[in-house]
Structures are given as C-alpha cells and as structure tokens.
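Since every read-out is calculated from the coordinates, none of them should be taken as a lab result. All figures in this text were calculated on a predicted structure; none of them were measured in a lab. Heads up, the Cβs are rebuilt from the backbone with ideal geometry, glycines too, and the neighbour counts pull from every protein chain shown.
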Amino acid sequence: MDIKNIKKEFPIFKQKINGNSLVYLDSANSSQKPQVVIDKISSFYKTEYSNVGRSVHTLAVKATNRFEATRDKVQKYLNAKHREEIIFTKGATEAINLVASSYGKKYIKKGDEVLITELEHHSNYVPWNYLRTDKSAIIKFAQVNENGDVEIEEIKKLISNKTKIIAITHISNVTGAILPITKIVELAKEKNIPVLIDGTQGAPHSKIDMQKIGCDFYAISCHKMYGPNGLGVLYMKKKWVDDLPPYQGGGRND
Ligand SMILES: Cc1ncc(COP(=O)(O)O)c(C=O)c1O
C-alpha cells in the first residue's frame, strides 16, 4: 500500500499544526475526507443543488436520480438482494435506533430479552436500554474472554426462548476484536432470532457481503469511511422492510 500517495488525496494533511506535520490517529472516530469527496459535495451545492424526491423541476429530478443511483451503488457494494434494503440514515446511531424502535414497537414486550455484548459502543446499547425502561425488556450481555474476544459458546449460553434479537458489533471500536458474526448469525437463524450487526467499524475494515453474512440488519457510518458527516446506511432485509412499522412520519423516509 502506497501510504504517501494515498495521503496526498487528503488536503487536510497539506497544513502544519503548531509547526508540525499533521498526524491524525482518530479515523475510527471519524475519517478525514479525500479531495474527490470534497469536490463532489462542493460541485453539487454549486451547480446541482435541489431537494430530493419533492419536486419535478430539472434540478430536483437530477438530484433525485443521483440519490437513487447512490442507493444502487450501495446495494452493489453490500451485495444486497433488493435496492429497498438500503436505507439512508443520519449515521449508525440512527440506524440502530430505527431498528430498536420499529422492531421493539412490534415485537418486544415485558420480559423479552435483547442479547448484546460487553464490547458494544453506546450506540448499540442505549437504543436497547430504552426498551428496558419503556417495555421492561431485559438486556443480556455476552462477556469477553481473557483475550478480549466474544466466543460463540458465550452467545449460545445466553440465548433463551425469550431472546427476541441479537445486536452485536462486527469489530470493536475500542479493542479491534473481530466477532464471529457469520457463526452467530447461523446460530440465531436456527432459533429464528433476527441479528443486527453494528458495522460501524466493520464496514471500513473488511469486505462486507450481506449474502455471506446473512444478517437481518447491518448499520454503517459513512463519516468513518471518507464520506460526509451526517450520513449512514442501514441494510435491512426485505422481509423486515415489508413488516416493520415506520420509525418516523412526515417528510420523506428513505
Ligand atoms: C462501534 C460504533 N458504533 C456506533 C458508532 C456511532 O456511529 P455514528 O457516528 O455514525 O452514529 C460508533 C462511532 O464511534 C462506533 O464506533
């Protein structure tokens, strides 16, 4: 990998900070933006800007077409079966809140269990915690072993006939531990339990294929993948797109 040339794509590194070259070690939090992304955003605002899906004039149609073409690209990138399975959100946090809220509303009642792990980011804990307070659901935590990994046996041990969803990170944002997501999905499928994967760190660091992983939901954060801030993607299997109640009303839900 030619790091020097890759670095040249990012204009932020052209400056000095306190007289020193900039060293940025916070990409897992949010990545810097390459020139091509900055240029595209800027040219859109300069020459093409219009609201998406709300008007029929030339600019609006162009913006809407671009938006839908992006959905097709993301579908291809994730190897999703249907374009409707790609839902744009404000970030991974909103993607997970969407699932916790819509799935929770329809399927979670008092005493039902949500299985997460000790490795989760707040974004994959707090939305489920709302179900604990609002619906008296129970959150079960799979523990990490002495190497910092979550073993499949630990997940197996915690699944019960009350488990209504498993929500796990793909890669930990703290330790970098990679979870055995495919095995966890296989196990969950045997018991008919849907699986949400927080792919915020997984998507930037691995090739992700929804057909191979087989999960029901996969949440992605675009600002950690060189994309603009305030953008995320939720992959949602079509059966849930057709089944779950809306998360928000009004405006345009994408
Ligand atoms: C593992 C993990 N999940 C969720 C999030 C939240 O992502 P977003 O900023 O897109 O809401 C982060 C951000 O740091 C993260 O690292």
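Observations
- Selection from Val36, Thr117, Thr89, by position along the positive dipole direction of the chain (Cβ): Val36
- In this structure, the amide hydrogen of Gly91, modeled 1.01 Å from its nitrogen in the peptide plane, lies closer than 5 angstrom to those of Gly232, counting only residues at least 5 positions away or on a different chain.
- Amide H contacts under 5 Å for Gln201, placed H, 5+ residues apart: His170, Ile171
- Full-stretch length increase - Ile17, Tyr130 - with 0.36 nm per residue and alpha-carbon distance subtracted: 36.5 nm
- Excluding same-chain neighbours fewer than eight residues apart, the aspartates and glutamates reachable from Lys14 by a Cα-Cα span under 19 Å are Asp2, Asp26, Asp39.
- Overall, the anisotropy analysis places the range 24-97 in the oblate class: the square-rooted eigenvalues a ≥ b ≥ c of its C-alpha gyration tensor yield a/c not less than 1.5, with a/b not exceeding b/c.
- 17 Å Cα-Cα reach of Lys33 towards aspartates and glutamates, excluding residues that sit fewer than 8 places from it in its own chain: Glu9
- When both bridge partners sit in the range 83-243, DSSP labels roughly 40% of those beta bridges antiparallel.
- Rounded to the nearest Hz, the phi-derived 3J(HN,Hα) couplings of the range 137-147 under the Karplus curve 6.51 cos²θ - 1.76 cosθ + 1.60 (θ = phi - 60°) are 6, 10, 9, 10, 10, 6, 8, 8, 7, 5, 8, where x marks glycine and proline.
- Relative contact order for the chain, counting Cα pairs under 8 Å that sit 6 or more residues apart, in percent: 22 percent
- Applying a length cut-off of 20 Å (Cα extent along the axis) and a mean Kyte-Doolittle floor of -0.5 to the DSSP H helices of the chain leaves 92-107.
- Working ranking of peptides 22-28, 230-236 by packing, defined as the average number of other Cβ atoms within 10 Å per residue, highest first, is 230-236, 22-28.
- Measuring against 31 Å, Cα to Cα, the residue pairs Lys16/Lys62; Lys4/Lys238; Lys62/Lys183; Lys73/Lys156; Lys183/Lys238 contain Lys16/Lys62; Lys4/Lys238; Lys62/Lys183; Lys73/Lys156 as the ones spanning a longer distance.
- In order along the range 241-249, phi translates into HN-Hα couplings of 4, 6, 9, 7, x, x, 7, 9, x Hz, rounded to whole numbers, per the Karplus curve 6.51 cos²θ - 1.76 cosθ + 1.60 with θ = phi - 60° and x for Gly and Pro.
- For the range 96-176: relative contact order, % (alpha-carbon pairs under 8 angstrom, 6 or more apart): 40 percent
- Length gained on full extension, Leu25 to Phe67: 12.0 nm, using 0.36 nm per residue less the C-alpha separation.
- Which of Ile178, Gly251, Asn229, positive extreme of dipole for the range 145-254 (C-beta unit charges): Gly251
- Amide hydrogen proximity for Lys140: with H placed 1.01 Å from N in the peptide plane, the residues at 5 or more positions away or on another chain lying under 5 Å are Val114, Leu115, Ile116.
- From most to least packed by mean Cβ count within 10 Å, the peptides 79-85, 211-217 give 211-217, 79-85.
- Cα gyration tensor, the range 83-243 - rounded (a/c under 1.5), prolate or oblate: rounded
- For the chain, size of Cβ-based charge dipole, Lys and Arg +1, Asp and Glu -1, in debye: 720 debye
- Magnitude of the charge dipole, the range 145-202, Cβ model with Lys/Arg +1 and Asp/Glu -1, debye to 20: 360 debye
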